[in-house]
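To keep things clear, I will list the structure first and then write my remarks on it.
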Amino acid sequence: MRLNVSKCAVVTFHRSADPVMIEYKLCGTVLPRKTQVKDLDVIFSADLRPEKHIDHICNRASRTLGFIIRTSRNGLSTKALMSLYTALIRSILEYCCVVWAPYQVDDTDRLEKIQRRFLRIIGVRLGYDFMAAPVDTIAESLGLLSLSVRRQLADAVFLRKLLTGQVDCDDLLSRISFRIPGSTRSRDLFFPHQYSTTYAYHSCLPRLQRRGNALSSGLGYDFFFDSELALRRLFKL
């Protein structure tokens, strides 16, 4: 495979105040160093934070929502607007969220603001003032879950697929810490680890395993026996 050197760059992923930087060459050309890179439409920053990616998708989703508002002034039904929102906007806000799901309030709120804006637009169509629209009531009537709950569902669905072999990745599966049942009454499926940093605690695999324990121990969901449909129903209760 021939590589296009002009499209190649170096990113050092780290959380160190003094990282080791090494010069890399490809075909005799020194590769430029970047602080972020887009891979499969997900922006990965050198400091491993999701803010840049969230900025990117919020801007895209906001522009798309604005376009839908402008083009639907002549009248679209609530059902039609819902279809446009879920297909063109929510899909942007959720793409690959298992990888970059945020845990800081500011980041999660920026994502939720897009959906709240959409719900206020629906409220205006129903006769409410924009800022006075009952967002929670409208969301419930439309069956629209919050984006944070949907990210939890995405985590659980991905974990189930990984455990049942629908996602074939031995490397990821080998990093899952199954708990060996003992004399305690705990029904946790995964061993609870201790982490020295908040970042590590909220990173992808630890988060997935905590989510799995909450579902298996707290709600009695069996990842190896129960269906994905049963899992989705748990999040709609």
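The values are calculated or read from the model by the stated rules, or taken from the named source; none is laboratory data. A quick note: this is a predicted structure, and the numbers were derived from the prediction, not measured. Glycine also receives a Cβ, built like all others from the backbone with ideal geometry; neighbour counts cover every protein chain displayed. The accessibility values were calculated without ligands, DNA or RNA, using every heavy atom of the protein model including side chains. Shrake-Rupley method; radii C 1.70, N 1.55, O 1.52, S 1.80 Å.
Take the residues in the range 179-213 that are among the aliphatic types (A, V, I, L, M) and open to solvent by less than 60 Å² (accessible area, probe 1.4 Å), then tell me which one is farthest from Pro102 (Cα to Cα).
Among residues in the range 179-213 that are among the aliphatic types (A, V, I, L, M) and open to solvent by less than 60 Å² (accessible area, probe 1.4 Å), the one farthest from Pro102 (Cα to Cα) is Leu189.
For the range 91-106, enumerate the residues that are within 11 Å of the chain's Cα centre (by Cα) and charged (D, E, K, R).
The one that is within 11 Å of the chain's Cα centre (by Cα) and charged (D, E, K, R): Glu94.
Can you spot a residue in the range 200-222 that is at pLDDT below 90, of a type in the set (Gly, Ala, Ser) and at positive phi?
yes
Could you look through the range 45-100, keep only residues that are over 23 Å from Leu153 (Cβ atoms) and of a type in the set (Val, Ile, Thr), and pick out the one that is least open to solvent (accessible area, probe 1.4 Å)?
Out of the qualifying residues, it is Ile68.
Select from the range 214-231 the residues that are among the hydrophobic types (A, V, I, L, M, F, W, C) and open to solvent by 30 Å² or more (accessible area, probe 1.4 Å) and write down the one among them that is farthest from Trp100 (Cα to Cα). I'd like the intermediate steps shown before the answer.
Of the residues in the range 214-231, the ones among the hydrophobic types (A, V, I, L, M, F, W, C) are 214-215, 219, 223-225, 229-231.
Subset that is open to solvent by 30 Å² or more (accessible area, probe 1.4 Å): 214, 219, 224-225, 229-230.
Numbers: Ala214: 21, Leu219: 26, Phe224: 26, Phe225: 28, Leu229: 24, Ala230: 25 Å.
In this case the residue turns out to be Phe225.
Which residue pairs have Cβ atoms under 7 Å apart, sit 6 or more places apart or on different chains, and have a first residue in the range 112-128 that is open to solvent by 70 Å² or more (accessible area, probe 1.4 Å) and a second that is of a type in the set (S, T, N, Q)?
Arg125/Thr78
Only residues in the range 1-24 that are at negative phi count as the first member; pair them with residues that are polar (S, T, N, Q) and outside any loop (DSSP other than H, G, I, E, B), Cβ under 8 angstrom, at least 6 apart or cross-chain, and list the lot.
Hits for this filter: Val5/Thr29; Val11/Gln36.
State yes or no: is Thr12 within 25 Å of His202 (Cα to Cα) and either at pLDDT 90 or above or in contact with a strand residue (DSSP E or B) (Cβ under 8 Å, 6 or more places away or on another chain) (or both)? Walk me through how you get there before you give the answer.
Working: within 25 Å of His202 (Cα to Cα): yes; either at pLDDT 90 or above or in contact with a strand residue (DSSP E or B) (Cβ under 8 Å, 6 or more places away or on another chain) (or both): yes.
Taking the combined requirement at face value, the residue satisfies it.
Where residues in the range 129-176 are hydroxyl-bearing (Ser, Thr, Tyr) and open to solvent by less than 50 Å² (accessible area, probe 1.4 Å), which of them is farthest from Tyr103 (Cα to Cα)?
Out of the qualifying residues, it is Ser146.
Mind checking whether some residue in the range 38-49 is acidic (Asp, Glu) and touching an Asp or Glu at 6+ places or on another chain (Cβ under 7 Å)?
no
When you go through (1) over 30 Å from Ile68 (Cβ atoms); (2) open to solvent by less than 60 Å² (accessible area, probe 1.4 Å); (3) in contact (Cβ under 8 Å) with a residue 24 or more places away in the chain one by one for Thr108, which number turns out not to apply?
It fails just one condition, (1).
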